Amino acid sequence: MKYLSIIASVAALWASSALADVNPLIIKGNAFFDSKTGERFYMKGVDYQPPDAKGDTVDPLANYKVCSRDIPYIKKLGINTIRVYQVDNAADHSKCMELLQKNGIYLLLDVATSDVAISRDYPEYSYNEVLLQHNFATIDEFKKYTNVIGFVAGNEVVNSVDTTRSATIVKAVIRDMKAYIASQSSRHIPVGYCAADVAENRYELAHYLNCGDEEERAEFFGLNDYSWCGSSSYSISGYNQKVANFNNYSIPVFFSEFGCNLVNPRKFTEVEAIFSSKMTPVFSGGLVYEYVQEANNYGLVKISDDLTEVIPLEDYYTLQNELSKSVPPRGDGGYHANNAISECPDEVEGTWEASNTLPELPQKAVAYLKSGPGAPLGTNGPSNQWTPQKAGAGVRPSALPAAPKTSMEDSITGSTRSSSPTKDSSSTSTVSAASTASTITKTLVIPAAVIGTSILCSIFFF
């Protein structure tokens with residue numbers, strides 16, 4: 001079987017003494033660069049959050065048996081970046097992070113967890129010292145590793161026309177995380193956001209996070225995008241419009257999730273486009289969703305019931321082949337060094353309700369910037385999901401609109417994974433000439449603490 005040959009390659013990988021460490025990355029203009037060699041860096045990535053035996057979300061970088069099982073297969077796949085959606089900031093990550101580094105693999109890390117995240121429905125109430133203590137403690141745990149590309153302050157927090165006011169808190173959290181890194185880290189580590197591809201506000205959100213004062217602006221923008229399905233193309237998928245619409249964007253843009261599975265097995269022909277000269281002036285690569293096969297049928301590998309064996313699936317070999325033959329152009333890829341920052345979108349009731357005036361850092365969190373957040377509380381700490389009914393939630397600022405009357409379970413963001421995207425029937429992306437299918441549904445395994453039922457969010461493209 002094919003995976004036996006992979007096992008042999010894995011053994012050879014472990015035997016090698018020439019595993020290269022990685023240099024810290026820096027941002028210049030709208031691209032990532034190696035801080036020592038000056039080479040342009042593109043993410044050839046995979047989203048990585050293998051569940052435990054019960055199917056629950058756990059920290060894969062705190063379990064050496066898990067990460068050492070998977071990293072050789074990730075390396076063999078041709079991956080240079082993984083994205084992890086949730087970690088336990090009180091755990092020891094040194095062994096897994098060092099193993100990633102020795103294999104030349106970078107980490108893009110989300111700071112949210114099932115219980116500590118920006119709330120979509122009560123964003124201003126979730127913006128409190130509990131959230132910031134957690135975020136800062138997570139930064140403290142990972143800032144020492146030079147293969148951390150950046151921290152994701154929020155994932156798909158804005159996922160509909162009704163949740164745009166939560167972008168105000170996203171931007172405030174980005175500001176606070178940047179301030180904490182500037183105060184407490186020996187190297188600069190970028191902070192950014194990963195967005196749902198929502199037609200009604202994706203462009204406003206991208207510009208909103210890239211406008212205003214420097215200390216408030218995001219430093220990268222990830223797009224969770226499933227518009228290229230099956231035998232699509234650069235124009236049919238709408239990738240050409242994405243490039244056009246982000247052409248003047250001044251910070252790095254990349255696909256933080258991609259890999260439509262409406263057609264199986266997946267073809268991954270978009271990989272060639274992503275790393276072609278058509279896209280590299282604007283996009284810095286992307287990450288395939290996802291490594292481990294789950295009920296949503298997006299996995300590249302299966303894990304045996306005893307969690308010890310990795311069995312690559314057909315999608316694994318297809319992606320491996322596409323990555324191996326997709327070489328970015330030489331040099332800087334035509335990146336844009338001097339694009340101007342964005343203009344802040346105007347507030348429009350019912351369409352774009354994010355404020356250009358951010359709330360001040362909560363008073364109880366001010367001391368963290370100078371003295372640190374104290375001991376990390378991990379996954380056993382308090383939740384930041386305050387509501388108007390919760391004692392101690394404080395008084396809502398008069399400038400902010402009243403929160404909608406929704407259940408607590410519906411108010412927390414899908415912080416550990418993305419929501420379940422669907423593709424609009426008005427999309428021009430096609431699966432094949434004969435296909436008339438118009439929706440993609442990605443059903444994710446999300447802890448009950450995050451949401452009680454699957455949430456469908458629209459995926460569109462420019």
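The values are calculated or read from the model by the stated rules, or taken from the named source; none is laboratory data. Predicted model only: the values in this text are computed from it and were never measured. Note that we place each Cβ from the backbone using ideal geometry, even for glycine, and neighbour counts take in every protein chain shown. These accessible areas exclude ligands, DNA and RNA; they are computed on the full protein's heavy atoms, side chains included. Shrake-Rupley method; radii C 1.70, N 1.55, O 1.52, S 1.80 Å.
Worth pointing out:
- Tally of residues being modelled with pLDDT of 95 or more, open to solvent by 30 Å² or more (accessible area, probe 1.4 Å) and touching a Ser or Thr at 6+ places or on another chain (Cβ under 9 Å) across region 348-367: 4
- Selection count, region 168-180, where residues are open to solvent by less than 10 Å² (accessible area, probe 1.4 Å) and either in contact with a strand residue (DSSP E or B) (Cβ under 7 Å, 6 or more places away or on another chain) or more than 24 Å from Pro123 (Cβ to Cβ) (or both): 4
- Residues that are in contact (Cβ under 8 Å) with a residue 60 or more places away in the chain number at least 3 in the following strands (runs of 3 or more DSSP E) confined to region 257-358: 283-288, 310-312.
- Total residues in region 43-76, condition within 14 Å of Gly285 (Cβ to Cβ) and open to solvent by less than 20 Å² (accessible area, probe 1.4 Å): 4
- Which listed residue is touching a strand residue (DSSP E or B) at 6+ places or on another chain (Cβ under 9 Å) and not aromatic (Phe, Trp, Tyr), from Thr357, Thr318, Thr351, Thr387: Thr387
- Tally of residues being in contact with a Pro (Cβ under 8 Å, 6 or more places away or on another chain) and either at positive phi or open to solvent by 40 Å² or more (accessible area, probe 1.4 Å) (or both) across region 314-347: 5
- Within region 54-113, the residues that satisfy the criterion of being basic (Lys, Arg), modelled with pLDDT of 95 or more and over 16 Å from the mean Cα position of the chain (by Cα) are Lys65, Arg69, Lys75, Lys76, Lys95, Lys102.
- Filtering region 80-98 to residues that are touching a helix residue (DSSP H, G or I) at 6+ places or on another chain (Cβ under 9 Å) and open to solvent by less than 10 Å² (accessible area, probe 1.4 Å) leaves Ile82, Val84, Val87, Asn89, His93, Cys96, Met97.
- Verdict on Ile139 being open to solvent by less than 20 Å² (accessible area, probe 1.4 Å), of a type in the set (A, V, I, L, M) and either without any contact (Cβ under 8 Å) to a residue 60 or more places away in the chain or within 21 Å of Glu257 (Cβ to Cβ) (or both): yes
- The set of residues from region 65-114 being touching a Lys or Arg at 6+ places or on another chain (Cβ under 8 Å) and among the charged types (D, E, K, R) comprises just one member, Asp110.
- Search result, residues across region 121-133 that are open to solvent by less than 10 Å² (accessible area, probe 1.4 Å), in contact (Cβ under 8 Å) with a residue 60 or more places away in the chain and not polar (S, T, N, Q): Leu131, Leu132
- For region 105-153, filtering for residues that are of a type in the set (D, E, K, R) and in a loop (DSSP other than H, G, I, E, B) leaves 5.
- Within region 142-181, being farther than 24 Å from Cys211 by Cα and either touching a residue at least 40 places away in the same chain (Cβ under 8 Å) or within 17 Å of the chain's Cα centre (by Cα) (or both) holds for Phe142, Lys143, Tyr145, Thr146, Asn147, Val148.
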